[in-house]
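Input: a single structure, listed below in structure tokens.
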Amino acid sequence: METILKYLPYVLLFAVATMIVYGWGLWRTSRQNQDLANMLSAKGISAVKKALKKKGPLTRKELEPFVKDLTAKQPFMQDSIGVTDPKKFLDSILPYMIKQKMILEERQNGKIFYKIRKD
């Protein structure tokens, strides 16, 4: 009886640790799609900012090659996400970047150019 009571706290601690790890895995799996989308958006924003800093003002069409082959993958996970349609991807991140005042949208000769916001 004493040996059972001696090992009971260890068994309970192991059960609690297992529950925590299992719960964390379920939570991470349920949020995986949103996390991948956020990671891909962050990579896209970074690529657009880098291209605009390097090349100067660019049109949407000129920005497409910079985001065309972007992918995002979480560490220790098999699933990944990538850009399949650069036009739609830019349609989602460019308005966000303008709203967050990262870039400016300018019209020149009937064309829309995007450039880095200088503060």
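The values are calculated or read from the model by the stated rules, or taken from the named source; none is laboratory data. Keep in mind it's a predicted model, so treat the numbers as computed, not measured. Because the Cβ atoms are built from the backbone with ideal geometry, glycine has one as well, and the counts that use them run over all protein chains shown. All accessible areas refer to the heavy atoms of the entire protein, side chains included, with ligands and DNA or RNA removed. Shrake-Rupley method; radii C 1.70, N 1.55, O 1.52, S 1.80 Å.
Things worth noting here:
- Of note, residue 84 satisfies the criterion of being free of Cβ contacts under 8 Å to residues at least 60 places away in the same chain, within 30 Å of residue 25 (Cα to Cα) and out of contact with any strand residue (DSSP E or B) (no Cβ under 7 Å at 6 or more places or on another chain).
- Considering residues of the range 32-45 that are surrounded by 18 or more Cβ atoms within 10 Å (Cβ to Cβ) and hydrophobic (A, V, I, L, M, F, W, C) only, the residue farthest from residue 94 (Cα to Cα): 36
- Test: residue in the range 17-36 that is in contact with a Lys or Arg (Cβ under 9 Å, 6 or more places away or on another chain) and either at pLDDT below 95 or among the aliphatic types (A, V, I, L, M) (or both): yes
- Subset of the range 46-74 [under 10 Å from residue 86 (Cα atoms) and open to solvent by 70 Å² or more (accessible area, probe 1.4 Å)]: 60, 61, 65, 66, 68, 69
- Summed over the range 55-81, residues that are closer than 30 Å to residue 24 by Cα and free of Cβ contacts under 8 Å to residues at least 24 places away in the same chain total 3.
- Checklist (1) free of Cβ contacts under 8 Å to residues at least 24 places away in the same chain; (2) touching a strand residue (DSSP E or B) at 6+ places or on another chain (Cβ under 8 Å) applied to residue 47, failing item: (2)
- Residues satisfying the stated conditions in the range 87-108, i.e. in contact with a strand residue (DSSP E or B) (Cβ under 7 Å, 6 or more places away or on another chain) and either without any contact (Cβ under 8 Å) to a residue 40 or more places away in the chain or among the polar types (S, T, N, Q) (or both): 98, 104, 105
- The range 75-101, residues that are open to solvent by less than 90 Å² (accessible area, probe 1.4 Å) and over 17 Å from the mean Cα position of the chain (by Cα): 98
- Some residue of the range 1-8 being open to solvent by less than 70 Å² (accessible area, probe 1.4 Å) and either more than 20 Å from residue 77 (Cα to Cα) or without any contact (Cβ under 8 Å) to a residue 60 or more places away in the chain (or both): no
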